Amino acid sequence: MILKRISILNYKNLEQVELNFSSKMNCFFGLNGMGKTNLLDAIYYLSFCKSCTNPIDSQNIRHDQDFFVVQGFYEMEDGTPEEIYCGLKRRQKKQFKRNKKEYTRLSDHIGFVPLVMVSPSDSDLIAGGSEERRRFMDVVISQYDKEYLDALIRYNKALAQRNTLLKAEQEPEGELFEVWEEMMASAGEIVHRKRAEFISEFIPIFQSFYSYISQDKEKVDLIYESHAKDASLLDILRENRFRDRIMGYSLRGIHKDELNMLLGDFSIKREGSQGQNKTYLIALKLAQFDFLKRTGSNTTPLLLLDDIFDKLDASRVEQIIKLVAGDSFGQIFITDTNREHLDKILSKTEQDYKIFSVDAGTVSEKQEEQEDEA
């Protein structure tokens, strides 16, 4: 999958942007706060029907404007053109269309344009709570497995209904609990099984990337923990109903799953340096890309790299540059405030590329740079 062209109106600080992209490498440079991340976020939005950085859709509309529109013009591996449209007006439901036909369910679009984004906000994967690590698993698996996404949606709906019953002032009838607990259990078992299968396949890919970037300096691992691992989820929910009623919410279930991230034999959250944490996160995301490329919808994902070199020593930067400049990846979008990093990547690649300057929400292609290189 290639993003040939994007059209953006009033998305965050991007007032009006029309860009044609290289099918391989697209580099954006500029100072912090100029709009580089917002541009990548608009591309992300077209894949996931939401922002990577702000879940409140209306807050992604440019200040003093009433709407935003983002359109992406893609090309499939066989040359088939695809157009994805997203539009949002304040106080109205957003529209998402593929080739001018509106989706009835946004979840039907997830996975059609597979994408992996590496950004500074990924630090929440290590420093944040378990919900961040569950979200990581959900984002990967949902892009190649519709059954998983459907089961996750059903589970979360049933969880919300059960929590409503748990908070009720009057004691609800037991039959009502049974209905939602059975739905949670049936959907939750699917989610647990697919998460366990994913992590089992994912670990060696992740370890390989980490080993390459760190040049075998450290060992890493992932351990998936779930209440559903050793017991029936339905039995667990029934047994905990009284205690959950006291607390007012569901204490156990796959919504409490954890993905332990280890550096050596210890939690990287406690033991990792800034450089080790950054290496860990980049290796996770590159492994995510590799995994989706193998298991996804027979198309190479887009790779978005937002300011990834900060806090890394020169040897690790060099290893990452070798990786992204190689032939293993498809179309890449990369931002940096340091033009030297981008020049190093471009000097090592024989692939086609374009360079863009981003300044106060205005994006312009640097034609003269490519002429100088030629």
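Any read-out appearing in this document is the output of simple, stated calculations on the displayed coordinates, not a laboratory observation. Only a predicted model underlies this, so the values are computations on that prediction, with no experimental measurement involved. Ideal geometry is used to build each Cβ from the backbone, glycine not excepted, and the neighbour counts take in all protein chains shown.
Over the chain, what is the percentage of antiparallel beta bridges among all DSSP beta bridges, to the nearest 5?
Here the share of antiparallel DSSP bridges comes out near 70 percent.
Just to be sure I understand: with springs between alpha-carbon atoms less than 10 Å apart, which residue in ALA185, ALA127, ALA42 has the highest mean-square fluctuation in the Gaussian network model of the chain?
ALA127
I want to check the label-to-label distance for ARG105 and GLU147. Put each point 7 Å from Cα in the C-beta direction and report it in nm to one decimal.
Label at ARG105, label at GLU147, 1.5 nm between them.
Fewest to most neighbouring Cβ within 10 Å: what's the order for SER47, SER107?
Exposure proxy ranking, most exposed first: SER107, SER47.
Which of these, LEU31, LEU39, LEU284, has the largest mean-square fluctuation under a Gaussian network model of the chain (Cα springs below 10 Å)?
LEU31
Using 0.36 nm per residue of separation minus the Cα-Cα distance, give me the extension gain between ARG91 and VAL179 in nm, one decimal.
28.3 nm
Fewest first, what order do SER250, SER315, SER22 take by the number of other Cβ atoms within 10 Å?
SER315, SER22, SER250
Specify the residue with the greatest mean-square fluctuation among TYR353, TYR210, TYR103, computed from a Gaussian network of the chain linking alpha-carbon atoms under 10 Å apart.
The residue that fluctuates most here is TYR103.
Holding the Cα-Cα limit at 25 Å, pick out from LYS50/LYS89; LYS50/LYS157; LYS36/LYS348; LYS285/LYS354 the pairs that are longer than that.
none
Using 0.36 nm times the number of residues separating GLN16 and GLN65, minus their current alpha carbon distance, what extension gain do you get?
Here the answer is 16.4 nm.
Tell me the angle of helix 339-348 to the major Cα principal axis of the chain, expressed in degrees between 0 and 90 and rounded to the nearest ten.
80 degrees
When only DSSP loop residues count, what GluC sites (Glu not before Pro) in the stretch 1-107 have their Cβ near at most 12 other Cβ atoms within 10 Å?
Answer in residue order: GLU77.
Between GLU132 and SER7, how many nm apart are label points set 7 Å from Cα along the C-beta direction?
About 3.8 nm, to one decimal.
Taking the Cα atoms only, what angle lies between the long axis of helix 274-295 and the longest principal axis of the chain, rounded to 10 degrees?
The answer is roughly 80 degrees.
How about the stretch 278-374: which trypsin sites (Lys or Arg not before Pro) there lie in a loop by DSSP and see at most 15 other Cβ atoms within 10 Å?
Here the sparse-neighbourhood loop sites are LYS311, LYS366.
In a solvent-free Debye calculation with one equal scatterer on each Cα, what is log10 I(q)/I(0) for the stretch 1-76 at q = 0.15 Å⁻¹, listed in the order of the q values?
-0.50
Taking the Cα centre of the chain as the origin, how large is its charge dipole in debye, to the nearest 20, when only Lys and Arg (+1) and Asp and Glu (-1) carry charge on their Cβ atoms?
Roughly 820 debye for the chain.
Mind checking which of ILE223, SER211, SER186 is farthest towards the positive end of the stretch 179-241's charge dipole, using Cβ charges of +1 (Lys, Arg) and -1 (Asp, Glu) about the Cα centre?
SER211
Where in the stretch 23-103 are there trypsin sites (Lys or Arg not before Pro) that are in a DSSP coil and have at most 12 other Cβ atoms within 10 angstrom of their Cβ?
Here the trypsin sites (Lys or Arg not before Pro) that fit, given the DSSP loop and packing criteria, are ARG90, ARG91, LYS93, LYS100.
Can you tell me the Rg and the Dmax, both Å, for the Cα atoms in the chain?
22.1, 76
In Å and from the alpha-carbon atoms only, list the Rg and Dmax of the stretch 190-338.
Using the Cα atoms of the stretch 190-338, the pair Rg, Dmax is 18.9, 57 Å.
Going by how many other beta carbons lie within 10 Å of each one, how would you line up HIS109, HIS341, fewest first?
With the fewest neighbours first, HIS109, HIS341 line up as HIS109, HIS341.
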